[in-house]
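The values are calculated or read from the model by the stated rules, or taken from the named source; none is laboratory data. Just so we're clear, the structure is a prediction, and the values are computed from it rather than from any experiment. All Cβ positions, glycine included, derive from the backbone under ideal geometry; neighbour counts span all protein chains shown. For the accessible areas, the whole protein counts, side chains as well, though only heavy atoms, and no ligand, DNA or RNA atoms are used. Shrake-Rupley method; radii C 1.70, N 1.55, O 1.52, S 1.80 Å.
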Amino acid sequence: MAERSSTGLLTMMLEPTPALAMTLPAEVREKLAELELELSEGDITQKGYEKKRGKLLAPYIPQIQGVDPSLQIDNRIQASSQVALQGSKSNKSRAANTRDERFRSDLHTEAVQAALAKYKERKMPMPSKRRSVLVQSSVEACTPPDTSSASEDEGSLRRQGRLTTSTPYQGHSHPAVEHWFNRVIQGSSTSSSASSTSSHPGGRSVTTTNTTAHAALNVNAAATALADLMAHTQLDNHSAPPDVTGLSERSSHHAERPHVASVRGVSRGFNHHTSVMETADGCEWRGEGSLTLIDGVPVNSRVSNKIQQLLNTLKRPKRPPLREFFVDDFEELLDVQQPDPNQPKPEGQQMCPLEGEPLGVVTNWPPSLPAALQRWGTTQPKSPCLTALDNAGKPVYTLTYGKLWTRSQKLAYTLLNKLSSRNEPLLVPGDRVALVFPNNDPVMFMVAFYGCLLAELVPVPIEVPLTRKDAGSQQIGFLLGSCGVTLALTTDACQKGLPKAQTGEVATFKGWPRLLWFVTDGKHVVKPPKDWHPPIREASNDIAYIEYKTSKEGSTMGITVSHSAMLAHCHALTQACGYTEGETITNVLDFKREAGLWHGVLTSVMNRMHVISIPYSLMKVNPLSWIMKVHTYKARVAVVKSRDMHWSLLAQRDQRDISLSSLRMLIVADGANPWSISSCDAFLNVFQSRGLRPEVICPCASSSEAMTVAIRRPPEMGVPPPGKAVLSMGGLSHGVIRVDTEEKLSVLTVQDVGQVMPGALVCVVRAEGIPYLCQTDEVGEICVSSGSTGVAYYGLPGMTKNIFETVPVTPSGIPISGRPFTRTSLLGFVGPDSLVFVVGKMDGLMVVSGRRHNADDVVATALAVEPMKFVYRGRIAVFSVSVLHDERIVVVAEQRPDASEEDSFQWMSRVLQAIDSIHQVGVYCLALVPANTLPKAPLGGIHISETKQRFLEGALHPCNVLMCPHTCVTNLPKPRQKQPEVGPASMIVGNLVAGKRIAQACGRDLGQLEDNDQFLYIQDVLQWRAQATPDHPLFLVLNAKGTVSSSASCLQLHKRAERVAAALMGRLNTGDHVALVYPPGIDLIATFYGCLYAGCVPVTVRPPHPQNLATTLPTVKMIVEVSKSVCILTTQAITKLLKSKEAAAAVDIKSWPTVLDTDDLPRKKSPQMYKPPTPEMLAYLDFSVSTTGILAGVKMSHAATSALCRSIKLQCELYPSRQIAICLDPYCGLGFALWCLCSVYSGHQSILVPPLELESNASLWLAAVSQYKVRVTFCSYSVMEMCTKGLGSQTEALRLRNVNLSCVRTCMVVAEERPRIALTQSFSKIFKDLGLSPRAVSTTFGCRVNVAICLQGTAGPDPTTVYVDMRALRHDRVRLVERGSPHSLPLMESGKILPGVKVIIANTETKGPLGDSHLGEIWVSSPHNATGYYTVYGEEALHADHFNTKLSFGDTQTVWARTGYLGFLRRTELTDASGERHDALYVVGSLDETLELRGMRYHPIDIETSVIRSHKSIAECAVFTWTNLLVVVVELEGSEQEALDLVALVTNVVLEEHYLIVGVVVVVDPGVIPINSRGEKQRMHLRDGFLADQLDPIYVAYNM
């Protein structure tokens, strides 16, 4: 490698084109071509084909002993032999009109097949998808679309020629490979998954897929095939895939591997352990495929199987060799890709600028284009100028030079003199005019174009807008607006077809300026008077016309071409192509721009040539039309694209009697494309027998900015023979040219595009940064300096300077020439014989981890993977998106309407492997869309920038998606290595040294006892109030209408409680537990006190939901059983429900304890009240489901109950004269305390609003607050959400109903989580109009160990908000940042710490105290802490330290309870009531919920917030981990078509903002994510549902 000298580099396998094909007689070539076609149409088998072909070629091949003849034939013949993937009979029927790509040289297909053969079919989990999503296909899928296309080039083709010598599969080297691949492919469609559609509640249909999803997944099915394949083939045996989960170094392989022939001399033996993988949550994973929970509950789950396969397929990402890091503002360091020291570097000399031959001097050359038109129009008026054809290929009209001259004069006169507005002429010379002409009307276009030139107006040719939202149409409108276009010229027929507004005028298209439409073939065009003559001037530097061009980003620019450049370009083309007067030329290209315009409209008039214009619509009907016209008109020159040559091959056998011998030049306009070489070869192969001479094929390279850059000269000019280069893809990706010899898989074969244009100077410069000249073996951007390039981008001086005024410099910085150069956006180099080679375009350049890849090359590789079977008309788009500081490759393909799920998945996995092998680059996302749904460019190609835009906006609607972030994202920060923990003592010392105080804070003192505070028991308070203030109203319960449905004064409540006590005393013993199952209301409160009067321990339970017994009743049953309740008190209606038939289906109703209906209790007074011996005795049990889905009951003693009430009374200043409104559930936590305890203790009146009533009347709570002029109110997040969503648009209506919230001083949200700032802020904003003070809304914080730790209350400073760095938080550090800085997270204080409560922040591991602003666990000490859990399933010992734990250092005496929440304390500048500086407590999240990933701690809510922001249709999101994979569940609020759009957006946003790779994306219906009564997500329940496959997802995507 190293010895290669730069001169050696340039002797690039340049071979003469004719090759061996020339030595075969014409009839043999003819027969070969027919054989090819028969094979590709499935008329003969592969075997039959080989036999016949062998026979035909046998006499011409010198047989070498023992070598398969097919290996010796020269490439050029091999070029069209097709490895038929068993063409089926069904193809035959559609052979006539399909354009399935046949006649492709096999080289590329073979390279790809060989690459795939190197891979073992790795098992990949197939995504699972709901049936309704499966059938989604495009509306137009039935109508034949209008193109076969692979990129913006209106339907380009596949490239082949990568290999110089092909090794076909029929060779003896790999006897089993091909048939094995075919077997696997067929197998996968026959053993497709058993899909049964079962009906679920709600009548949705779902697909259940068998665990053996398809043959490629089920290794055993292919094991025999593998065995006989491996016996012959050297496969890379990917032995145990490395473990990416960090759990186990072993991996599970289910199939015993056959012995593999030693690979690279290393013998690999059997590998048959079925390993056990221990997962993160105490499950074992066994090879057999069933997941066994350690509890012994087997879960045979399809989901877990798939995730396991996913784990098995994840290779460790390829890491760049030497790693350096740049600091991304914090310790999360993103890998920065360092260049590989071994990568190839250019070694050649510095290139010399290349000069074209001088422009010849022509004696009678016209001084300008209009002058030429005038000359021919007056001296040769009968001479034909342009023949237009209809869709049947018949000539409809021939425009003569005389007619062109008179008609353009008429138009010029009319435009300048007959159009006026307010007596001013509408147009003056120099104005821009839009030309809107359809592709099949070249005559009218030509008249309009020359009419504008004669009138000295500037034509701007654009596409005909078909609908109001064509792809890119808005950008065209922007161009017209910036060019100041006010008038559009069009034909009568075209104008009639444009979309109209109601007035009958042409509609204004989105983003377009207001235009006047003028019909050029109507009655308004008048004859000029005799004395009027158009001004015919010499060519000047004024603008002649503007050509539009769309950039990679999708913006449209107008390239201005001056009169002198237009003339010089015609001159140069005439000289280069040897055009002579009166020649006939056929033109298939778009005549509005680029080569079609230059040859077919401008240069043709210069030389009085006759153009036969072939419309695109005719080519679609008859791809041979252009060849027939060459034959009919004996045309000397034809201008085509590779696509046209290609299409004609597919139809060529319909025509026997055509001859191409008249052609002296076949100009291939896109000859610079990587796949054009194979089209040229295949075309020559077939049409050489019809008189086509090999040397007339003339590829050329051009760009809108530089016009024609280089063109192969016609043979009569005596130029060197054409060249061909076989280049290493690896070298090209580093921008270096290396002639490839070693690795035959990844090569690119390119043909030259001839010599530089006459009068031009060409050089190659570095594509990025300063335009330094390249070395001779380096790829760069080709730049041209000549008088015949574009001049500027209209109205964009900055970009113009970059592109049109580049000054190339030598390495020492000296400009190489005084003339400015124009960048062509073509990437290439200059080869031997001064031939120009192009290897790609700037637009298609994707720089991934420092290596360059060309979109067109990737398209070619994807197309070579069984294209006929799968990709619809070859339509594939490849582009890159920027995610996490690097470009990522996205491939989007249209799949054929008949493709099955298995086919598509198999095709996708093979494309990934092929691209990985050949380009050594990972694909980030591969998406399949239904046929005909990608946005189209004007001539039917794919509109790449619009496709990319839709992908990023989530509007592509794919029907299949495969993301591979695990393989291609290699620049993630290193996983954090936890430091050996610093001891608690050093922590304290460290904090003291740093001047930080230990993070602890307390509420104010409880102060003096008042009269009701002397009672130790809450039931005593009620008896005292019943005597002291019997008629004082304590409770009002409101119904949905807002009227009082029930109320209770002190005495009424006491009496009702007595009745309950009397009923219990005879039946139950002191200390028995009683379950209270009531809807929210007075009954619940009365029975609670009745239990206390009787000495029983009440347990409040939410009643089951009658419409949803199956899920709600088991919870009731569980609480009753776990709390060991001996009796259930409830209403008559619920009693019936508990014993109903429906209940029996959900639970065992025979095992209910005694059920007492309390509706009609006798009025009996209990003999005497029970007095507890000590306040430490149990008062009640508080059961609640935590956010982690654990049912936990806590024990509240009488002392704690009184202390809680007293603390809340002080904080909220509650007295008998006060009213507070409560819209909370009364069953647990602070909600229960506020409903049942506080009013009785403090004597204030509570207006109770059951949250359930809000479902039928959302304004109920706020109306009540307003009506009763309440100062203090409590609600839950779900209530706040209902108000924001339900009343957001109705504030005006509420104001008219006199709802006024200015009375509210504090509105507190009761929660056990981090404050939801976004919700509280939007609530404040929406109801500001109703007088709600922005300072009123705040939150509370409580948890299981202490239900009320913080509560804003009425006095004290407002809650503060701080912004912390989210990345620091992952490392358990708190770093304050400014609002709006990147990665900032707003956190709101959770209210003020309650009186009597002390809080400290402790380290979760060492249990030592932490300093201020450190993230740690919140510990709390207070008289109203709960005393312990009441049986969490017999794990009391495990959780004992939750309630009584001590610091390991410092104050080691105080007993604390651990809340299980992470948070931090921060001393603020504010002062509290006692004049002290205020300490704010910030809750970050539950410790149980945090996700430990990559050694860092993530809070699910942060990831969820990012995800919800990523697409408008994501209603809700929840995340959890499973075996160290991040699973994201999103609820889709929108059509199911959008489901797959979310996969990429979710993956992108989590990578960008959290540096995490999403393992599985699950898209579900709204309402699937379970929430508890407080509106908190139950992520663990969701996880269990996912693993047990109960979510009925719309789509599950497994990211590779």
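Observations on the model:
- Only listed residue being among the acidic types (Asp, Glu), assigned to a strand (DSSP E or B) and without any contact (Cβ under 8 Å) to a residue 24 or more places away in the chain, chosen from 1531, 1469, 1516: 1469
- Residues located in region 1471-1484, provided they are open to solvent by 10 Å² or more (accessible area, probe 1.4 Å) and more than 14 Å from residue 1003 (Cβ to Cβ): 1471, 1475, 1477
- Exactly one residue out of 1167, 1162, 1226, 1216 is out of contact with any Asp or Glu (no Cβ under 9 Å at 6 or more places or on another chain) and surrounded by 18 or more Cβ atoms within 10 Å (Cβ to Cβ), and it is 1226.
- Odd one out for residue 1510 among (1) surrounded by 20 or more Cβ atoms within 10 Å (Cβ to Cβ); (2) out of contact with any helix residue (DSSP H, G or I) (no Cβ under 6 Å at 6 or more places or on another chain): (2)
- Strands (runs of 3 or more DSSP E) fully within region 524-618 that include at least 3 residues being open to solvent by less than 30 Å² (accessible area, probe 1.4 Å) and hydrophobic (A, V, I, L, M, F, W, C): 556-562.
- Of all residues in region 1559-1582, those being open to solvent by 30 Å² or more (accessible area, probe 1.4 Å) and under 24 Å from the mean Cα position of the chain (by Cα) number 3.
- Looking at 1080, 1114, 1098, 1103, just one residue is within 23 Å of residue 1231 (Cβ to Cβ), in a helix (DSSP H, G or I) and open to solvent by less than 60 Å² (accessible area, probe 1.4 Å), and that residue is 1114.
- Residue 447 vs. criteria assigned to a strand (DSSP E or B) and either modelled with pLDDT of 95 or more or among the acidic types (Asp, Glu) (or both): no
- The one condition in (1) farther than 20 Å from residue 1241 by Cα; (2) touching a strand residue (DSSP E or B) at 6+ places or on another chain (Cβ under 7 Å); (3) open to solvent by less than 40 Å² (accessible area, probe 1.4 Å) that residue 1042 fails to fulfil: (2)
- Residue match in region 502-512 (condition: more than 25 Å from residue 374 (Cα to Cα), of a type outside the set (Val, Ile, Thr) and crowded, with 18+ Cβ neighbours inside 10 Å): yes
- Against the conditions (1) outside any strand (DSSP E or B); (2) modelled with pLDDT of 80 or more, residue 979 satisfies every one except (2).
- Lone unmet requirement of (1) of a type in the set (A, V, I, L, M, F, W, C); (2) out of contact with any strand residue (DSSP E or B) (no Cβ under 8 Å at 6 or more places or on another chain); (3) under 19 Å from residue 1595 (Cβ atoms) for residue 914: (3)
- In the condition set (1) under 19 Å from residue 707 (Cβ atoms); (2) surrounded by fewer than 20 Cβ atoms within 10 Å (Cβ to Cβ), residue 818 is compliant with all but (1).
- Against the criterion of being over 27 Å from residue 1153 (Cα atoms), small (Gly, Ala, Ser) and crowded, with 20+ Cβ neighbours inside 10 Å, residue 1007 does not qualify.
- Qualifying residue in region 390-413 (condition: open to solvent by 20 Å² or more (accessible area, probe 1.4 Å), farther than 30 Å from residue 586 by Cβ and at pLDDT 95 or above): yes
- Flag for residue 1142 being open to solvent by 30 Å² or more (accessible area, probe 1.4 Å), outside any strand (DSSP E or B), farther than 23 Å from residue 1070 by Cβ and in contact (Cβ under 8 Å) with a residue 12 or more places away in the chain: yes
- Verdict on residue 1348 being open to solvent by less than 10 Å² (accessible area, probe 1.4 Å), assigned to a loop (DSSP other than H, G, I, E, B), of a type in the set (A, V, I, L, M) and farther than 30 Å from residue 1552 by Cα: yes
- Count - residues of region 1394-1416 that are open to solvent by less than 20 Å² (accessible area, probe 1.4 Å), assigned to a strand (DSSP E or B) and either in contact with a helix residue (DSSP H, G or I) (Cβ under 9 Å, 6 or more places away or on another chain) or aliphatic (A, V, I, L, M) (or both): 6
- For region 755-785, the candidate set comprises residues that are part of a loop (DSSP other than H, G, I, E, B) and touching a Leu at 6+ places or on another chain (Cβ under 7 Å); within that set, the residue that is modelled with the lowest pLDDT is 767.
- Every residue from region 1263-1289 that is open to solvent by less than 10 Å² (accessible area, probe 1.4 Å), over 38 Å from the mean Cα position of the chain (by Cα) and of a type in the set (A, V, I, L, M): 1264, 1265, 1270, 1272
- Pair list, Cβ under 7 Å, 6 or more apart: region 106-129 residue more than 27 Å from residue 678 (Cα to Cα) and open to solvent by 20 Å² or more (accessible area, probe 1.4 Å), other residue assigned to a helix (DSSP H, G or I) and modelled with pLDDT under 70: 121/184; 121/222; 122/313; 123/219; 123/309; 123/312; 123/313
- For region 1351-1376, taking the residues that are assigned to a helix (DSSP H, G or I) and among the charged types (D, E, K, R), the one that is surrounded by the fewest Cβ atoms within 10 Å (Cβ to Cβ) is identified as 1367.
- Residue, farthest from the chain's Cα centre (by Cα), within region 1583-1600, restricted to residues that are of a type outside the set (A, V, I, L, M) and farther than 28 Å from residue 1112 by Cα: 1598
- Of all residues making up region 1512-1540, the number that are out of contact with any strand residue (DSSP E or B) (no Cβ under 7 Å at 6 or more places or on another chain) and modelled with pLDDT of 95 or more: 0
- Flag: residue 424 matches the condition of being open to solvent by 20 Å² or more (accessible area, probe 1.4 Å), out of contact with any Phe, Trp or Tyr (no Cβ under 9 Å at 6 or more places or on another chain) and either charged (D, E, K, R) or within 26 Å of residue 371 (Cα to Cα) (or both).
- Filtering 1302, 1322 for residues that are surrounded by fewer than 21 Cβ atoms within 10 Å (Cβ to Cβ) and assigned to a helix (DSSP H, G or I) leaves a single hit, 1322.
- Scanning region 470-501 for residues that are of a type in the set (Val, Ile, Thr) and open to solvent by 10 Å² or more (accessible area, probe 1.4 Å) turns up 476, 486.
- If only residues of region 619-672 that are modelled with pLDDT under 85 and assigned to a loop (DSSP other than H, G, I, E, B) are counted, the one that is nearest to residue 697 (Cα to Cα) is 671.
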